[in-house]
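Contents: one structure, followed by commentary.
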Amino acid sequence: MSCPALPRSAPRRANRRNSEPSASAARCKGTPVWRRPRAFVAHLTVASYPSVSSTYLPALLQVLKSECPGLTVELWEGTAATLEEAVATGVVDIAFRPTLPKMREPTLCHRTIWREDIVAVMRDSDPLAAEPLIGVDDILSRPLIGNPAGSEEEGGGFDLRHMLGEYESKADVAYLTDHPATLVALVRSAFGIGVINQLAVQTTPIDGLAVRRIKSPTAHRDVALFWTRRRSSNAAVCAFLHAQEHTPLPAGVRPLHAEA
């Protein structure tokens, strides 16, 4: 993969992933056009999904605007299935997406950014709320509410299914929804236990509810940026990747760094 050079400036907040140069930065030479603000005018379409859009994207766009005032950004939101199609077909230039379900398009480049917990959401009055950590066995006997919506082939409930692993066939998956607020409302109305990524919980009020970690080796979600190989040399995409490297990650996630 080649792209305009991504010269590193001082990070706005030190963290583990910002202390190491990215693979794309290490492989590029020269001065990219987007580092000359007066000369750089471009348009970029960025795809995301609600929890990233509300907890991380605004801060990243602030960094991007300060570095590239001539770059205009169009936002596009979707689910795991629609995000893959949008970036693979060129509807968007770059997309945030969980690494699971796995992308089927072989021409995509990616940068893994962080890992976040998959957590259980229940009513405060639920006996499980008294436990700091709950096991898969504890929730198998309960109706479960997951996200996103859709069939298994479309990636519906992928976090829930991934967390359950070999126990998936024993679970009672009652509802799947694209919206964290809907999941929380169903839990509050005693329709079951919600299983959702940690950042999504931060996007909606959880009064009267308890959030607990799940004791499972697969109770996590890895989040990445994806773009097509043909856009690897696109100055706007490289500017966005550089800004992402210098944007503090959301609270509660664990930084990762892998680029391919």
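The values are calculated or read from the model by the stated rules, or taken from the named source; none is laboratory data. All values derive from a computational prediction rather than experimental measurement. Methodologically, a virtual Cβ is constructed for each residue, glycine included, from the backbone with ideal geometry; neighbour enumeration extends over all protein chains shown. Accessible surface is based on the protein model in full, side chains and every heavy atom, while ligands, DNA and RNA are left aside. Shrake-Rupley method; radii C 1.70, N 1.55, O 1.52, S 1.80 Å.
Overall, the anisotropy analysis places region 67-136 in the prolate class: the square-rooted eigenvalues a ≥ b ≥ c of its C-alpha gyration tensor yield a/c not less than 1.5, with a/b exceeding b/c.
Using 1/(1 + (r/R0)^6) with R0 = 51 angstrom and r between the beta carbons of residue 131 and residue 230, what's the FRET efficiency to the nearest 0.05?
Details: r = 50 Å, r/R0 = 0.98.
E between residue 131 and residue 230, to the nearest 0.05, is 0.55.
Taking the chain as a Gaussian network, Cα atoms linked when under 10 Å apart, which of 221, 97, 213 shows the biggest mean-square fluctuation? For the chain, modelled as a Gaussian network with Cα springs under 10 Å, the answer is 213. Helical content of the chain, expressed as a calculated mean residue ellipticity at 222 nm, amounts to -7000 deg cm²/dmol (DSSP H runs of 4 or more residues, -39,500 (n - 2.57) each, divided by residue number, nearest 500). The label-point distance for residue 43 and residue 189, in a model that sets each label 7 Å from Cα toward Cβ, rounds to 4.1 nm. Counting only protein heavy atoms and a 1.4 Å probe, region 138-220 has 46 square angstrom of accessible area per residue. Under the criterion of Cα pairs below 8 Å and six or more residues apart, the relative contact order for the chain equals 32 percent.
A Cβ-based charge dipole, computed about the Cα centre of region 51-179 with Lys and Arg at +1 and Asp and Glu at -1, lands at about 320 debye. Axis of helix 80-89 versus longest Cα principal axis of the chain: the two differ by about 20°, to the nearest ten degrees. The length gained by stretching the chain between residue 124 and residue 260 to full extension, at 0.36 nm per residue less their Cα-Cα distance, is 44.7 nm. Checking (i) 35, 28, 18; (ii) 34, 20, 15; (iii) 36, 18, 16 against the coordinates, the calculated semi-axes √(5λ) of the Cα gyration tensor in Å falls under label (iii).
Using only side-chain charges placed at the Cβ, +1 for Lys and Arg and -1 for Asp and Glu, the dipole size of region 153-240 relative to its Cα centre rounds to 340 debye. Distance from the alpha carbon centroid of region 172-188 to that of region 200-260 works out to 22 angstrom. For the chain, a crude dipole built from +1 on the beta carbon of Lys and Arg and -1 on the beta carbon of Asp and Glu, taken about the Cα centre, is about 1440 debye to the nearest 20. Considering only beta bridges that DSSP places wholly inside the chain, some 60 percent are antiparallel. The Cβ shell under 14 Å around residue 141 holds other residues with a net charge of -2, Lys and Arg each +1, Asp and Glu each -1.
Expressed as a whole percentage, what fraction of the accessible surface of region 45-142 belongs to carbon and sulfur atoms when a 1.4 Å probe is rolled over the protein heavy atoms?
Working: 2200 of 4110 Å².
Summing carbon and sulfur atoms, their accessible area is 53 percent of the total for region 45-142.
The angle separating the long axis of helix 235-245 from the principal Cα axis of greatest extent in the chain is about 50 degrees.
Once you have the Cα-Cα distance between residue 222 and residue 151, take 0.36 nm times their residue separation minus that, and quote the gain in nm to one decimal. Write out the running numbers ahead of the final one.
On the way: separation 71, 0.36 × 71 = 25.56 nm, distance 2.08 nm.
Gain on stretching residue 222 to residue 151: 23.5 nm.
With the simple model of a label 7 Å out from the Cα in the direction of the Cβ, residue 107 to residue 72 spans 2.7 nm. Under a 5 Å amide H cut-off, with hydrogens placed 1.01 Å from N, residue 71 pairs with 42 among residues at least 5 apart or on other chains.
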